[in-house]
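A quick write-up on the structure given underneath.
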Amino acid sequence: MNTKDKIEFAWKILQHNQDMIKFADSKVRFLLIVSGISTSYILVNLADFFSFPFIKQFMIGVFLLSFLFFLLFALLTIVPRYSTIIPSKMVPDVVFYQNIAERTSAEDYITDYSKSKEEDILRDVLNQVYVVSKIASDKFKYNFRSWICLGIQLISFIMIMTIKMF
C-alpha cells in the first residue's frame, strides 16, 4: 500500500471514530431527556413526598443521588477532552483544527502544509486517529456509567410511584 492509500484509509478510520463520538453524544442526549422527565416530576412533587414514610424518603434520596451521578457522567460524556491527550510533538500538526488556528496567518499554514511530506501528513492523520479514538473511548466509558445511573434512577422512580399508590 502506498502512502496516498494509507492516508486515505487513515482518513476513513478517523471519520469512523468521529462518527462514534457523535453516536455517544446522541445517546447521552436521549438519556438526558428521559432523566429530565422523571426528575421534573419528582422535583415538582417533592414537598408531597416528604410526608410519606421513611422508605419513600429513602427512595427519593436514592433517586436524587443517582440523578446527580447520572448528570456528572452525562456531562463528562458530552465535554470534549482533547487537552487530556498529549499528541506526539514529532507530527507537523497540519490536520488538527486548533493547531491550524494557532498559526498567525493562513499563509503560515499554507507554507507548513506545502512543506509537509506525504509521510508527515500520514503521521499527522494517524495521530488524530489516536487522539479521537481516546476521546471516543472515554465518551463510551462515561456513557455506560450514565446508563447505569439512569437505570438506578428509573428503578427508584418506579418504586416511588408504586409506593405512592398505596
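Condition check ((1) assigned to a helix (DSSP H, G or I); (2) in contact (Cβ under 8 Å) with a residue 24 or more places away in the chain; (3) within 28 Å of I60 (Cα to Cα)) across all residues:
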site	(1), (2), (3)
R103	no, no, no
Y109	yes, no, no
D120	yes, yes, no
D124	yes, yes, no
Q128	yes, yes, no
V131	yes, yes, no
K134	yes, yes, no
G151	yes, no, yes
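What about P53, is it within 30 Å of I160 (Cα to Cα), modelled with pLDDT under 75 and loosely packed, with under 13 Cβ neighbours inside 10 Å? Yes. Summed over the range 11-50, the residues that are aliphatic (A, V, I, L, M), under 21 Å from the mean Cα position of the chain (by Cα) and surrounded by 13 or more Cβ atoms within 10 Å (Cβ to Cβ) give a count of 9. Please tell me if Y142 is touching a Pro at 6+ places or on another chain (Cβ under 8 Å) and hydroxyl-bearing (S, T, Y). So Y142 fails the test.
Yes/no matrix, rows are residues, columns are (1) outside any helix (DSSP H, G or I); (2) at pLDDT 75 or above; (3) touching a helix residue (DSSP H, G or I) at 6+ places or on another chain (Cβ under 6 Å):
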residue: D5; (1), (2), (3): no, yes, no
residue: I21; (1), (2), (3): no, yes, yes
residue: L31; (1), (2), (3): no, yes, yes
residue: L43; (1), (2), (3): no, yes, no
residue: L68; (1), (2), (3): no, yes, no
residue: T77; (1), (2), (3): no, yes, yes
residue: D93; (1), (2), (3): yes, yes, yes
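The values are calculated or read from the model by the stated rules, or taken from the named source; none is laboratory data. Predicted model only: the values in this text are computed from it and were never measured. All Cβ positions, even for glycine, are placed from backbone atoms using ideal geometry, and neighbour counts span all protein chains on display.
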